[in-house]
There are 2 protein chains.
Amino acid sequence: MSGTTIAFADLQNRIWAILTGAGMSDVQADAVARVIAAGERDACKSHGIFRIEGVLRTLRAGKVRGDAVPAIADLEDGAIVRIDGQHGFSSPAFELGLPLLVDRAKAFGLAAMVINDCTHFSALWPEVEAVAGHGLAAIVMCPSYATVAPWGGSEPLFGTNPFAFGWPRQQVEPYVFDFATSVAARGEIELHRRAGTPLPQGWAIDAQGEPTTSPEAALAGAMLPFGGHKGSALSTMIELLAGVMIGDLTSAGALEALGTTALSPAHGELVIAFSPERFAAGRPGDPFARAETLFEAIVGQGARLPSQRRFAARRKAETEGIVLTEAELQHLDRLAALGLAAAD
Amino acid sequence: MSGTTIAFADLQNRIWAILTGAGMSDVQADAVARVIAAGERDACKSHGIFRIEGVLRTLRAGKVRGDAVPAIADLEDGAIVRIDGQHGFSSPAFELGLPLLVDRAKAFGLAAMVINDCTHFSALWPEVEAVAGHGLAAIVMCPSYATVAPWGGSEPLFGTNPFAFGWPRQQVEPYVFDFATSVAARGEIELHRRAGTPLPQGWAIDAQGEPTTSPEAALAGAMLPFGGHKGSALSTMIELLAGVMIGDLTSAGALEALGTTALSPAHGELVIAFSPERFAAGRPGDPFARAETLFEAIVGQGARLPSQRRFAARRKAETEGIVLTEAELQHLDRLAALGLAAAD
């Protein structure tokens, strides 16, 4: 691929400069720039520098506080760590809470981090990878905004409600998956609309609740959960645990509060961390070695572990740098020059 | 429906008499009979009296201890409650651990029950409903035996790996789902085989790893996970958390240890309980009332909540008794008369 290579730290600094230039504080810009640079490094283009404009747009609309200082909301002695995002982005709140979550999970065997009142623009794999980096397994989930109909229903109610899981591995990147509980991401429908191609069957319904393959009708209607009633059940669980239970917005509430799907939604997030060492204590076998046996059995029969394309891109970027096209570099320059005004 | 009505307690007693007649101890027979009677009460025929023969067969094969006394394996002060099934059935082990799990979840906000070394014959909804009965949300999962290929693979490795969730409701039965992470249950393939009808596309692959609609070829090959790579990822998570992490068998290990899918598999089980009151503490809104708003929005647009058919059957059974056909009653009589020999 032709283009200019840039080191991770340099890309992160350029993004940081754009964000601080647009009025974001260090604590917000540090974490957000790290997550966006990581998306670009992993060739996960939908969560790379593409995201900067959305972040700036949400900031400019006054829907997220660029100077929020996340705070530990609750230092009770249980297994719940509660972080108040203070209406900033989720990433700095997560980073603040991570050491506490790790301590509690190791002390109690499992623990949860609740992040309240934060705006989400990122995937969930940065979170599960960060927890796995401490030798813990993790489940992370959150609402989004209501664009998905329940199975058998006719109107948007659930979000694309991502569900992510991570398991630590000792020599290589962790086992990680991170998927939407809708059949497709909203961005994929948008891509079909721009390309003028019909959607596959089963992705969406129109505003009357009837199946449709028209991207326009789908955007005016609702997406469908993956796996029929099972995906719909998982979405319900995510709305309950990572919305209702943690005292934060559901996807319907998040859309109502924001009034648009063009900005990043604000809601909560739930991170559950498990200590395999504690769970396996006193039992035969090393859980980390046994997990490798499972992974070998998956790969050995020709199936793939999730996230491998991302990890391959990461390894390449770590030795060779991240490749950006001339257009992408110019885009960064433009965003840097314009500051907050660039969010238009 | 024609037949004879029988009260829940009477049915449970008849099942209990069959099980103790076949050599099971009170503690094992009590819990197993309660779960089987509950399946019949809920018109969940695949988990009702149909299960008795499998229980007896597994007992007779010496693959489960009918006199096992489950024990609290670990009274550490963390959030993990560990129950040693002592190679008996999972149900009495679960019942032993439930009060401890409830106490820990209320004390810490969330807690886990690990059940090790137990034989599984039941659905997981009895567990999530029991936890929900204490005002807690619950996730329950376990391996089974290897009959499902990973997405993109060619050989059985995962189990049908059930995943169940429950949320407490105040006036009605809890919100409950309990599904296999395979497209279909193995019993459904067996039904197609008996009926001589082809399987729907996407259910299974043959022994060469090629898609098949032949029930025989499917039984010799592997079932497929639901939802493609997403269901496959969930199955991997269940193998890791509810097999490897808890120091118990994976589905592949369970099949290897048992050598057949004709008996009930032995492996562990993981129950995670959450206290909505603790998670929502200090936040706006009552989580139980907010959950009802979500359920109303689902039902209000014509979609259904899971388990409603079961709950309707239960309500009917609770007022009118459980209806058994003459053939079913004779079957129970035969099992009672034959005792352990009936397992042939």
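The values are calculated or read from the model by the stated rules, or taken from the named source; none is laboratory data. Values in this document were obtained by computation on a predicted structure and should not be read as measured data. Cβ coordinates were reconstructed from backbone atoms using ideal geometry, including for glycine residues, and neighbour counts include every protein chain displayed. For the accessible areas, the whole protein counts, side chains as well, though only heavy atoms, and no ligand, DNA or RNA atoms are used. Shrake-Rupley method; radii C 1.70, N 1.55, O 1.52, S 1.80 Å.
At 1.4 Å probe radius, can you tell me the per residue accessible area of chain B in Å²? Working shown, then result.
On the way: 12780 Å² over 344 residues.
Each residue of chain B exposes 37 Å² on average to a 1.4 Å probe.
How large is the convex hull of the Cα atoms of the range B:284-344 per residue, expressed in Å³ as a whole number? Before the final figure, lay out the partial values.
On the way: hull volume 11.3 nm³, N = 61.
Once divided by residue count, the hull of the range B:284-344 is 185 Å³.
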Dipole of chain A, positive direction: furthest Cα of A:Thr212, A:Ala291, A:His47, with charges on the beta-carbon: A:Ala291
Toward the positive end of the charge dipole of the range A:14-136, about the Cα centre and with charges on Cβ (Lys, Arg +1; Asp, Glu -1), which of A:Phe94, A:Cys118, A:Ala33 goes farthest? A:Ala33
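Rounded to two decimals, what ratio of Rg to Rh does the range A:1-57 give with C-alpha atoms and a Kirkwood Rh? Walk me through the numbers on the way to the answer.
Values: Rg = 10.9 Å, Rh = 11.3 Å.
We get a ratio of 0.97 for the range A:1-57.
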Restricting the calculation to Cα positions, tell me the Rg (one decimal) and the Dmax (whole number) of the protein assembly as shown in Å. 25.7, 88
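Which of the trypsin sites (Lys or Arg not before Pro) found in the range B:155-200 are in a DSSP loop and have at most 13 neighbouring Cβ atoms, other than their own, within 10 Å? Provide the component values of the computation, followed by the final result.
Numbers: sites: B:Arg169, B:Arg186, B:Arg193, B:Arg194; in loops: B:Arg169.
Passing sites in the range B:155-200 do not exist.
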Between copies, how far apart are the B:Gly62 label points? List them in nm, one decimal, shortest first, with each point 7 Å from Cα toward Cβ, please? 7.8
Given R₀ = 60 Å, FRET efficiency for A:Ala43-B:Val299 by Cβ-Cβ distance, to 0.05? 0.90
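In whole Å, what three semi-axes, largest first, describe the equivalent ellipsoid of the range A:56-120 built from its Cα gyration tensor (square root of 5 times each eigenvalue)? Display every interim value, and only then the final one.
Working: eigenvalues 139, 17, 12 Å².
Value: 26, 9, 8 Å, ordered largest first.
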With one decimal in nm and the nearest listed first, the spacings from A:Asp77 to its own position in the other copies, using label points 7 Å along Cα-to-Cβ, are 0.7
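Report the relative contact order of chain A, percent, no decimals, based on alpha-carbon pairs under 8 angstrom and at least 6 residues apart. Each step should come with its number before you reach the end.
Values: 734 pairs, mean separation 75.9, N = 344.
Computed value for chain A: 22 percent relative contact order.
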Taking the C-alpha atoms of the range B:155-246, how large are the radius of gyration and the largest Cα-Cα span, Dmax, in Å? 15.4, 52
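Taking Cα pairs under 8 Å and at least six residues apart, what relative contact order does the range B:232-305 come out at, in percent?
Details: 41 pairs, mean separation 14.0, N = 74.
For the range B:232-305, the relative contact order is 19 percent.
Taking each residue in A:8-14, count the Cβ atoms of any other chain within 10 Å of its Cβ, then average. What number comes out?
Working: counts 0, 0, 0, 0, 0, 0, 0.
Mean inter-chain Cβ contacts per residue within 10 Å come to 0.
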3J(HN,Hα) from dihedral phi, the range B:255-267, Karplus parametrisation 6.51/-1.76/1.60, rounded to Hz, x for glycine, proline: 5, 4, 5, 8, x, 7, 9, 8, 10, 6, x, 10, 5
Phi-derived 3J(HN,Hα) across the range A:60-69 with the Karplus relation (6.51, -1.76, 1.60, θ = phi - 60°), rounded Hz, x for Gly and Pro, is 5, 6, x, 9, 9, 8, x, 10, 5, 10
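Chain pair B, A: how much accessible area is buried, both chains summed, with a 1.4 Å probe, in Å² to 100? Show your work: numbers first, answer last.
Values: alone 15630 and 15620 Å², together 25530 Å².
Protein heavy atoms only, the B-A interface buries about 5700 Å².
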CD proxy, 222 nm, the protein assembly as shown: helix-only mean residue ellipticity via -39,500 (n - 2.57) per DSSP H run with n ≥ 4, per residue, nearest 500, stands at -13000 deg cm²/dmol
With label points built 7 Å along Cα→Cβ from the Cα atoms of A:Ser2 and B:Ala289, find their separation and express it in nm. 6.4 nm
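Can you give the Kirkwood hydrodynamic radius of the range B:196-269 from its Cα pairs, in Å with one decimal?
Values: mean 1/r = 0.0731 Å⁻¹.
Evaluated over the range B:196-269, this radius sits at 13.7 Å.
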Sparsely packed trypsin sites (Lys or Arg not before Pro) within the range B:196-290, loop by DSSP, other Cβ within 10 Å at most 11: none
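Among the listed pairs A:Lys230/B:Lys316; B:Lys63/B:Lys230; A:Lys45/A:Lys230; A:Lys230/B:Lys45; A:Lys230/B:Lys106; B:Lys230/B:Lys316, which have their C-alpha atoms separated by more than 31 angstrom in this model?
Working: A:Lys230/B:Lys316 26 Å; B:Lys63/B:Lys230 33 Å; A:Lys45/A:Lys230 29 Å; A:Lys230/B:Lys45 21 Å; A:Lys230/B:Lys106 29 Å; B:Lys230/B:Lys316 37 Å.
Going by Cα-Cα distance, B:Lys63/B:Lys230; B:Lys230/B:Lys316 fall outside the 31 Å limit.
Where does the charge balance sit around B:Glu269 when Lys and Arg score +1, Asp and Glu -1, over other residues with C-beta under 9 Å from its C-beta? Intermediate values should be presented prior to the final figure.
On the way: positive: none; negative: B:Glu127, B:Asp248.
The answer is -2.
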Interface residues, the range A:58-101 - accessible area loss of 40 Å² or more versus chain alone, probe 1.4 Å: A:Ile80, A:Arg82
Step through the residues of the range B:207-214 one at a time and calculate ³J(HN,Hα) from phi using the Karplus curve (6.51 cos²θ - 1.76 cosθ + 1.60, θ = phi - 60°), rounding each to whole Hz and writing x for Gly and Pro. 5, 8, x, 8, x, 9, 10, 8
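Once neighbouring chains are kept in place and the probe is 1.4 Å, which whole percent of the accessible area of the protein assembly as shown is contributed by carbon and sulfur? Numbers along the way, then the final one.
Values: 13740 of 25530 Å².
It is 54 percent, rounded to a whole number.
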Compute the convex hull volume of the Cα atoms of chain A, divide it by the residue count, and report the result per residue in Å³ as a whole number. 147 Å³
Can you tell me what share of the DSSP beta bridges in the protein assembly as shown is antiparallel? A percent to the nearest 5 is fine. 80 percent
For the range B:37-187, list log₁₀ I(q)/I(0) at each q in 0.10 Å⁻¹, using the Debye formula over Cα point scatterers of equal strength and ignoring solvent, two decimals each. -0.39
I'd like the mean, over residues of B:174-181, of how many other protein chain beta carbons sit within 10 Å of each residue's own Cβ. 3
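Taking the convex hull of the alpha carbon atoms in the range B:226-328, what volume per residue do you get, in Å³?
Details: hull volume 24.2 nm³, N = 103.
Dividing the Cα hull volume of the range B:226-328 by its residue count gives 235 Å³.
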Residue-averaged beta-carbon neighbours from other chains (10 angstrom radius) around B:272-278: 4
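Which semi-axes, in whole Å and largest first, does the equivalent ellipsoid of the range A:110-201 have when worked out from the alpha carbon gyration tensor as the square roots of 5 times its eigenvalues?
Working: eigenvalues 174, 56, 27 Å².
Its equivalent ellipsoid spans semi-axes of 30, 17, 12 Å.
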